[in-house]
Amino acid sequence: MKKFNAQELSVFARYYGFHYDEINPYALVKDLLIEMERGLEGKSSSLPMIPSYISPVTRIPSGKTVLALDAGGTNLRSSLIYFNENGEAVAQGTNKIPMPGTNGQLSASDFFDKIADAALPLLKDSKIEGIGFTFSYPMEITSDSDGILLAFSKEVDAPDVIGKAIGKGLREALAAKGFKYNGQIVLLNDTVATLLSGLASISPDGEASRTRNDFGAEGGYAAGFILGTGFNTAYPETSIPKIKFNSSSSPQIVVCETGSFNIRSRGRLDIEYDNTTKNPGSYFLEKATAGAYLGPLTLHILKQAIKDKVIYFKRSDELLVMPHLETKTLNEFTRCPLTAQGPLGSLFTPNESDALAAVQYITSIITERAALFSAAALAATVKRIKSNYEPYSPVRIAVEGTTYLAYKGMRRSLESYLHQMLFKDMPRPYVIAPVEQASLYGAAVAALGSLRVQSKK
């Protein structure tokens, strides 16, 4: 029986290049800021820094109903959103189906057909002011509010959709079903939607609910942060040289596509795992941090640990042939390892606690590194914000995603790293808070059309 040896396991992690203590967090933030600047200038960069043409304004007209769609990494949601007299969003008829392309490859026509099927029942029975479509994948936003898909991540398999306009594809699919829709369809990234929801729901003084404001302070800017199936950040930018946009008084939201950041410190096992994914050679940061990848990446690393004999238990061979490990399943194991349940926990007998501890230890190292990477990307995003916020009006970081909220150890470590990174040189006030239904509500706000800004080409 092999005894638990933390030092040996740490050496294994450093040898294969995935130990968090080999990373300089402050150098990582600087690298991210350099890539952000290059992306804004239109130079070669792993961060495309995509303009949204949406301004972070919170005034919402009341008495309006819109259709909100949310294409996430796992599900496609649809809902009618009504704004009451207080500007509060009320969801009606919300429905959810698996994200098209996650259960087998789809053609472009089949992909849009499934989205139209989700939207049609709500459109037929209601008068709407517009459609807001949160599409959680990299897009080039066009002047008519449509979005041209640049790439799929999160293991969506619909390659023919890449390069197509999403709003146009939906409009044509609706027409093919006999429903002609001539209104506006506004495409936005889920990170933009999260940011808009944060401005509306997080108080200027940083409270996660609206509080009394005797001074009338509008508050600092907000940033949007997604750490769920995928990974991304967004923030308001005053200068985007590549589209000749420059406005200190009315910035527009930029989608960083932070998950695509080219991490210098990738180890051998990261590279090997990357080659097994549907989009090898891209989304390096996302593959080290997000829910679509943490489970499979951890499985790949654990298999190497067994091959190197730093972990051993009687049923090791069964783990070696395990085809897949979902992040949700891994999280359930790490939260309750002593119950010996699930695909992973059931492999261990009661007298194999040393092996159980070794698996938990390796998993913790991977999680800690993911938290460090995530915090660095978020710190760079906050530092990029050019604002004159006061200490009583922090940057409001609105967060959505189950990996942040539920994955064991992630939130605590991420927030600890973030505080160190943002307060190293000077106090940089911020508040980080989850927002509910962000993708749907943010899409609804954008659908009203009052938040659009124009490129100054």
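Out of Ile385, Ile366, one residue alone is crowded, with 19+ Cβ neighbours inside 10 Å, among the aliphatic types (A, V, I, L, M) and modelled with pLDDT under 95. It is Ile385.
Checked against (1) at pLDDT 95 or above; (2) in contact with a Pro (Cβ under 9 Å, 6 or more places away or on another chain); (3) surrounded by 15 or more Cβ atoms within 10 Å (Cβ to Cβ), Pro56 meets all criteria but (1). A count restricted to region 385-416 and to residues that are part of a helix (DSSP H, G or I) and within 18 Å of Leu196 (Cα to Cα) stands at 0.
For region 339-373, the set of residues classified as assigned to a helix (DSSP H, G or I), farther than 26 Å from Ser416 by Cβ and among the acidic types (Asp, Glu) consists of Asp354 only.
Take Lys114 and tell me if it is open to solvent by 10 Å² or more (accessible area, probe 1.4 Å), basic (Lys, Arg) and part of a loop (DSSP other than H, G, I, E, B). Reasoning before the result, please.
Working: open to solvent by 10 Å² or more (accessible area, probe 1.4 Å): yes; basic (Lys, Arg): yes; part of a loop (DSSP other than H, G, I, E, B): no.
No: the conditions fail for Lys114.
Within region 270-294, the set of residues being crowded, with 20+ Cβ neighbours inside 10 Å and part of a helix (DSSP H, G or I) comprises Asp270, Tyr273, Asp274, Phe284, Leu285, Glu286, Lys287, Ala288, Thr289, Leu294.
You will find that of Lys43, Lys96, Lys30, the residue that is part of a loop (DSSP other than H, G, I, E, B) and of a type in the set (Lys, Arg) is Lys43 and no other.
Among the residues of region 305-318, what is the count of those that are buried (at least 17 other Cβ atoms within 10 Å of the Cβ) and under 24 Å from Arg266 (Cα atoms)?
Let us first name the residues in region 305-318 that are buried (at least 17 other Cβ atoms within 10 Å of the Cβ), namely 305-306, 310-311, 313, 316.
With the extra rule that they be under 24 Å from Arg266 (Cα atoms), the set shrinks to 305-306, 310-311.
Looking only at that region, the number is 4.
Report, by residue number, each residue of region 315-330 that is outside any helix (DSSP H, G or I) and within 31 Å of the chain's Cα centre (by Cα). Before you say what the answer is, go through the steps one by one.
Start the filter on region 315-330 by keeping residues that are outside any helix (DSSP H, G or I), which leaves 315, 321-326.
Result: Val321, Met322, Pro323, His324, Leu325, Glu326.
Looking only at residues in region 228-269 that are of a type in the set (S, T, N, Q) and not in a loop (DSSP other than H, G, I, E, B), the one that is modelled with the lowest pLDDT is Gln252.
Modelled with pLDDT of 90 or more, closer than 23 Å to Phe284 by Cα and either open to solvent by less than 10 Å² (accessible area, probe 1.4 Å) or of a type in the set (Phe, Trp, Tyr) (or both): is that true of Val186 in this structure? It is false that Val186 is modelled with pLDDT of 90 or more, closer than 23 Å to Phe284 by Cα and either open to solvent by less than 10 Å² (accessible area, probe 1.4 Å) or of a type in the set (Phe, Trp, Tyr) (or both). If you go through region 134-164 and keep only what is outside any loop (DSSP other than H, G, I, E, B) and among the β-branched types (Val, Ile, Thr), you end up with Thr134, Ile141, Ile148, Val161.
Taking the residues in region 153-180 that are of a type in the set (A, V, I, L, M, F, W, C) and in contact with a Lys or Arg (Cβ under 8 Å, 6 or more places away or on another chain) as candidates, determine which candidate is nearest to Phe133 (Cα to Cα). Spell out the reasoning first.
Residues of region 153-180 of a type in the set (A, V, I, L, M, F, W, C): 156, 158, 161-162, 165-166, 170, 173-176, 179.
Subsequent filtering for residues that are in contact with a Lys or Arg (Cβ under 8 Å, 6 or more places away or on another chain) retains 174, 179.
Details: Leu174: 15, Phe179: 18 Å.
Among those that are of a type in the set (A, V, I, L, M, F, W, C) and in contact with a Lys or Arg (Cβ under 8 Å, 6 or more places away or on another chain), it is Leu174.
If you go through region 83-93 and keep only what is open to solvent by 20 Å² or more (accessible area, probe 1.4 Å) and not in a loop (DSSP other than H, G, I, E, B), you end up with Ala89, Val90, Ala91, Gln92, Gly93.
For Ala173, the requirement of being in contact with a Leu (Cβ under 8 Å, 6 or more places away or on another chain) and at pLDDT 95 or above is not met.
Residue pairs whose Cβ atoms lie under 9 Å apart, sitting 6 or more positions apart in sequence or on different chains, and linking a residue in region 425-440 that is part of a loop (DSSP other than H, G, I, E, B) and open to solvent by 50 Å² or more (accessible area, probe 1.4 Å) to a partner that is modelled with pLDDT under 85 and not basic (Lys, Arg), are Pro427/Pro391; Glu436/Ser201; Gln437/Ala89. Just to be sure, is Phe333 part of a helix (DSSP H, G or I), touching a residue at least 60 places away in the same chain (Cβ under 8 Å), surrounded by 22 or more Cβ atoms within 10 Å (Cβ to Cβ) and under 28 Å from the mean Cα position of the chain (by Cα)? Considered against the rule, which asks whether it is part of a helix (DSSP H, G or I), touching a residue at least 60 places away in the same chain (Cβ under 8 Å), surrounded by 22 or more Cβ atoms within 10 Å (Cβ to Cβ) and under 28 Å from the mean Cα position of the chain (by Cα), Phe333 comes out as no. Only one entry of Leu67, Leu76, Leu40, Leu80 meets the criterion of being surrounded by 18 or more Cβ atoms within 10 Å (Cβ to Cβ), among the hydrophobic types (A, V, I, L, M, F, W, C) and out of contact with any Ser or Thr (no Cβ under 9 Å at 6 or more places or on another chain), and that entry is Leu76. Scanning region 295-309 for residues that are in a loop (DSSP other than H, G, I, E, B) and basic (Lys, Arg) yields a total of 1. Filtering region 165-178 to residues that are open to solvent by less than 20 Å² (accessible area, probe 1.4 Å) and either touching a Gly at 6+ places or on another chain (Cβ under 6 Å) or assigned to a loop (DSSP other than H, G, I, E, B) (or both) leaves only Ile166.
Return a yes/no flag: does region 1-16 have any residue that is part of a loop (DSSP other than H, G, I, E, B) and under 27 Å from Gly259 (Cβ atoms).
In the first step, residues of region 1-16 are kept if they are part of a loop (DSSP other than H, G, I, E, B); the result is 1-5, 16.
Of the ones still in play, those that are also under 27 Å from Gly259 (Cβ atoms) are 16.
Yes, region 1-16 contains a residue that is part of a loop (DSSP other than H, G, I, E, B) and under 27 Å from Gly259 (Cβ atoms).
Residues in region 76-120 that are aromatic (Phe, Trp, Tyr) and touching a Pro at 6+ places or on another chain (Cβ under 8 Å) were compared, and the one that is modelled with the lowest pLDDT is Phe83. Against the condition open to solvent by less than 60 Å² (accessible area, probe 1.4 Å), in contact (Cβ under 8 Å) with a residue 24 or more places away in the chain, closer than 21 Å to Asn279 by Cα and of a type in the set (Val, Ile, Thr), how does Ile141 come out, does it pass? Spelling it out, it is not the case that Ile141 is open to solvent by less than 60 Å² (accessible area, probe 1.4 Å), in contact (Cβ under 8 Å) with a residue 24 or more places away in the chain, closer than 21 Å to Asn279 by Cα and of a type in the set (Val, Ile, Thr).
Would it be correct to say that Thr258 is at negative phi and within 16 Å of the chain's Cα centre (by Cα)? For Thr258, the condition - at negative phi and within 16 Å of the chain's Cα centre (by Cα) - is met.
The values are calculated or read from the model by the stated rules, or taken from the named source; none is laboratory data. Note that the structure is a prediction, hence the values are computed from the model and not measured. Note: ideal-geometry Cβ built from the backbone for every residue, glycine included; neighbour counts use all protein chains shown. Note: accessible area is taken over every heavy atom of the protein model, side chains too, but ligands, DNA and RNA are not part of it. Shrake-Rupley method; radii C 1.70, N 1.55, O 1.52, S 1.80 Å.
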